[in-house]
Each structure stands twice: as structure tokens, then as C-alpha cells.
1. Under a GNM of the chain (C-alpha, springs under 10 Å), which listed residue has the highest mean-square fluctuation: T308, T246, T40?
2. Pick from Q167, Q139, Q270: which is most flexible by mean-square fluctuation in a GNM of the chain where alpha carbon atoms under 10 Å apart are linked?
3. I'd like the accessible area for I209, computed on protein heavy atoms only with a 1.4 Å probe and all protein chains in place. Round to 10 Å², please.
4. Hey, any idea what Rg/Rh is for the chain, computing Rh the Kirkwood way over Cα pairs?
5. So who's got an amide H within less than 5 Å of the one on A253, skipping anything under 5 residues away but keeping other chains? H placed 1.01 Å off N, in plane.
6. Under the Karplus relation 6.51 cos²θ - 1.76 cosθ + 1.60, θ = phi - 60°, what is the ordered set of whole-Hz ³J(HN,Hα) values for the stretch 157-168, x standing for Gly and Pro?
7. Check S277: other-chain or 5+ apart residues with amide H under 5 Å from its amide H, H built from backbone geometry?
8. Ignoring ligands, DNA and RNA, what percent of the 1.4 Å accessible area of the chain is carbon and sulfur?
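The values are calculated or read from the model by the stated rules, or taken from the named source; none is laboratory data. Quick caveat, the model's predicted, so the values are computed rather than measured. Remember, those area values only see protein heavy atoms, side chains included, never the ligands or the DNA or RNA. Shrake-Rupley method; radii C 1.70, N 1.55, O 1.52, S 1.80 Å.
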Amino acid sequence: MKNILIIRRDNIGDLVCTTPLIEGLKIAHPEASIYLLINTVSQDVVKNNPQIAHTFIYRKAKHAAGKLAKLGVYFDRFKMFMQLRRIHFDATILANPAPCKYSLRLAKMAGAKHIIGANTGDKRISIPFERSDFSGDHQVERTFSYLSAITHQKLSIPPVRIWLTEQERQQARHRIEQLQPGQKIGLAVHISSRSEKRRWPLERYVETIQLYLQEYNESVLIFWSPQGTLAPDDIGDQHRAEQVITACQSPRASLYPTASVRELVAAYEQCGQVLCSDGGQMHLAAAMNKKQVVFFGDTCAEEWHPWTGEYDILQTESGDCIDISVDEVWKKIQVQH
């Protein structure tokens, strides 16, 4: 194969879970050029990935302000699809393991002929995958199953990965040294979540951080989703993070504002453990092979747990994280430490 296109138009965590497929394709077809078609939200996940020849970014018009801006989005989109059509792909994979008619539409706009994807009932999918064609329960396993359509090799599933540059690492180390001079960062605490059921009460984060600082001679960094991360009109969680740091009352706890996925991941790499909710922030920590204690709401843990790294999941029958106690969290952190 000469050219392979992967379409994954979902969120950050979904694309993190697709990185093993990208790596598997490159192992099975080292001569092939691999292209991605993704949305703007998740583009930082695959930045600097050496296995990818080029990433095409699909920007949604609803995220543009004003008529002229929207026209600009449509014009850029037209140019992008013309460029895609000139490549002539040997295979196009709709990487979501669930049927996605919109991804199929994008594949046709890109001029794809040989399309692999979950069966939507549309005959334009050359190799439709039924539920029984997907192996395993996890999102990574199911996504990786698409590899079987273009190779007979039996490959082990790689870890999820994000490729940082040395400059990004140095910038993170410098920022941390300014915040906590000479200190080891033992714990990263990310307080944000899209889902209300996965949001743990702030006062319990505070109590857990205080226990950590009393027990260990290490420092804690506090992270949150900045404005516009969860939605264009989202105000972010900085105000909640400021409440946490004020209540902690310790010089060994610091706020760590991030403006991008890259900044968050580079900081994660410098931390020993991560406490967070299920979501993009969890999958990003997995991509850094971190130890994690994770709050799951009503999400299926078998399908979405961290693929890479040591982890402990906290989930209640109610599916609401408010029912998880500080004592339960603290025991998991101590066991991992």
C-alpha cells in the first residue's frame, strides 16, 4: 500500500485511543504514507507523530464567529478536500468502531474508493465491520481491529502515545522549577470533567491534597480545563481551581494553567501520579504512561479505562462520583505511591 487515510472526527480521548492503530499500520506497511483527517479539538494529540505523513484538520463552521469567518472555513475546507482527492488513497479507515455516517461522508468528499469502517448499511463501505468483527471490549482493541482488513499479520497492540519535543519538555521543567523550586512533583490533580456525574466535590480534592502533603515531602500541581476547552462558550474551571488552591493553604501546592493539550501532557510527564476523572485528561495521562487514580461516572470502564500505565478506577453503583469518599481515594493513592 502506498497511501492510507484515517478519519477520526471525535474528541481528544478517542484520538489517543487511535494512536495504536496508527502505529500498527506503520508496522504492517512501513512503506505506506499515513494521513489523518481529524477535527481541530484533537489535533495536538498527533502533533510531531513521526508515523504520520500529514494531518488534515477539519474545522467546524459553527466554531467560527461571523459570516466572513464562516465563509473562510468553507473555502479552506474546499481546498483541503481538493488536496485530499489528489492523493489517491489505497485504503481509508473510518476509525470509530461505531457506525458513523458523517465520517463516511467525509471519506467520499476526500475521493476515497476503498473504505473500511463499521457497517452503516451503506454499500459504499467496501469492508463493513459488524459487531462480531471487533476484538476485545476496549476502545483501543476495537479500533485496532480495523488493521485486520489490510494485513494478515498478528500484531500486539502498542501503547497509546503522544510525541513531545525536547523543547516542550524543557519548558515544562522550567515552569515547574519556578513554581516549586527543587521539589519533586508527586501528584497531578485535574479537577475538570465534561460530565456532572464525574465531577468530584472541590472540598474532597482539597482534603486529599492536604493528606498527600502531610504524608509525603513532595509537591502537588493542580490542573483544569481552560476557557473554551469543553465548548466554544465554556468559561473553564479556573475559578474552581482558585478555590482549591486557596483552601489548600500550602506553598507545596501550585496552580498550573495550560493553554493547550501539549502543555498539559508535558507537565503530566514530570509528575509521579495523576488524580482525575475519566475523559480526555485521563487518556492524555495514559499516553505518558502515568500511574492514575480515576473517577468513573456512568461510563463503561471496560471500554474506556486507561490503556497504558498503572491505574485504579473508582466507580459506584449510582454512577455518581459524589458517592466516592476521600478515604477510598486516599487508599488508592497510597497503594500506588
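1. For the chain, modelled as a Gaussian network with Cα springs under 10 Å, the answer is T246.
2. Q167
3. So the heavy atoms of I209 present about 0 Å² to solvent.
4. 0.99
5. V220
6. 6, x, x, 6, 9, 10, 9, 8, 8, 5, 4, 5
7. For S277, the qualifying residues are F295.
8. On the way: 7540 of 15580 Å².
Roughly 48 percent of what the probe reaches on the chain is carbon or sulfur.
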